[in-house]
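Below is one structure, written out as structure tokens; comments come after it.
The values are calculated or read from the model by the stated rules, or taken from the named source; none is laboratory data. Treat the numbers as computed from the prediction; the structure is a model and nothing was measured. Here the Cβ is made from the backbone with ideal geometry for all residues, glycine too, and neighbour counts use every protein chain on show. The area values use the complete protein model at the heavy-atom level, side chains included, leaving out ligands, DNA and RNA. Shrake-Rupley method; radii C 1.70, N 1.55, O 1.52, S 1.80 Å.
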Amino acid sequence: MTRKFAVSTIAAIALVGLAGTGQAIAQSSVQLETVTDGLSYPWSVAFLPQGGYLITERDGLLKFVSEEGDQSLVPGVPEVFAQGQGGLLDIALSPDFASDATIFMTFSQGSPEGAGTSLFRAKLVADEGGYRLEDGKTIFAANNKGYGGRHFGSRLAFSPDGSLFMTLGDRGDGPRAQDTGEHTGSVLRLTADGAPVADNPFVNESAYKPEIWSIGHRNPQSAAIHPETGILWIVEHGARGGDEINIPEAGKNYGWPVISYGRHYSGGKIGEGTSKPGMEQPIHYWDPSIAPSGMAFVTSPNYPDWQGDLLVGALRGQHLAKLELQDEKIVAEEQLLGDLGERIRDVRQGPDGFIYVLTDSDDGSLIRLVP
């Protein structure tokens, strides 16, 4: 199925640390090819090197989608706490997938003490035209447990050194993001076995969880490794405004909920203001909020005008944000796919060089953007 829309554009706007230039951005267009639809609140997509896609659905299903768009269930997933923002979340292939056939998934795991975010690992095995999971195991369970369905995170990103970054939300309880004895509201750095990496910044400090890489995050639902620097970038939800792009460094505190560029949903002030010594500033923020989820750096020659740009999905904003970068600065922004009228949950650059997005609804789609 092919749909064609003009890509929505906006003038370059004033950004963090920039004066508004008012410079217009040329309009471009793409073909939107629906790979498959009828997905129930899809959350994440991974690309199989042998062809086809693995797609998580929030309610707890993992699906294999063939290159022709046919769907089949992949059994062997963990039991999930499917409430609110909780469920089956991110999926990532092992860096050595070609030899070890291993996948990793994050999910919200229930317990008598409430639900938290956990990491699951399994082998993907071919099975009668589809796949199944074998040797599945929860290899890490965060202590960000709480009741209700808010702010689990969670994205995965493999560093070039083989370590695995995992983002966690604050579970709707902001002060916990400053509690170093909790994983809540943090970025973690783990081994492929779910253990803390030996040179993590707090591995020998008793007041900190050894898995922690950085703290003070609200609800990061985007994570990607910069293709040139090999450094982790994340995007996280603010409250009423204050969505942030951060480049989390080892041992740093990103401020939530002490500092923020947003306000409470009631309109009240959050914390102490927008800055405080010892707390890091975002490289970019949105106000009003776009509700970001999913991100990808564009390296593909398929999009010569987009090379080097950062794409971020927008849920509330119902668009794909295209951010022009100069090193670690955002210098211009476009809103793409506004005519689609869909919440964008995930965005990825596939091994074929095309950009893919997942739409977040009870009739969600995997869509390929073809210039």
Give the residue, chosen from T184, T229, that is of a type in the set (V, I, T), farther than 22 Å from T56 by Cβ and open to solvent by 10 Å² or more (accessible area, probe 1.4 Å). T229
Give the number of residues within segment 315-347 that are open to solvent by 50 Å² or more (accessible area, probe 1.4 Å) and either over 18 Å from the mean Cα position of the chain (by Cα) or closer than 21 Å to D90 by Cβ (or both). 10
Of the criteria (1) free of Cβ contacts under 8 Å to residues at least 12 places away in the same chain; (2) open to solvent by less than 10 Å² (accessible area, probe 1.4 Å), which one L164 fails: (1)
Inside segment 330-369, can you point out the residues that are part of a strand (DSSP E or B) and polar (S, T, N, Q)? Q335, Q349, T359, S365
Pairs only if they're at least six apart or on different chains, beta carbon under 7 angstrom, first in segment 170-184 and modelled with pLDDT of 95 or more, second open to solvent by 30 Å² or more (accessible area, probe 1.4 Å) and not in a loop (DSSP other than H, G, I, E, B); list them, first residue then second. D170/R176; E182/R176; T184/R176
What single numbered condition from (1) within 30 Å of G52 (Cα to Cα); (2) hydroxyl-bearing (S, T, Y); (3) surrounded by 19 or more Cβ atoms within 10 Å (Cβ to Cβ) fails to hold for T299? (3)
Return yes when K137 is closer than 25 Å to G76 by Cα, modelled with pLDDT of 95 or more and open to solvent by 30 Å² or more (accessible area, probe 1.4 Å) and no when it is not. yes
Among all residue pairs at least 6 apart or on different chains, which show Cβ distances below 6 Å where the first residue, located in segment 195-224, is surrounded by fewer than 24 Cβ atoms within 10 Å (Cβ to Cβ) and the second is of a type in the set (D, E) and assigned to a loop (DSSP other than H, G, I, E, B)? P196/E211
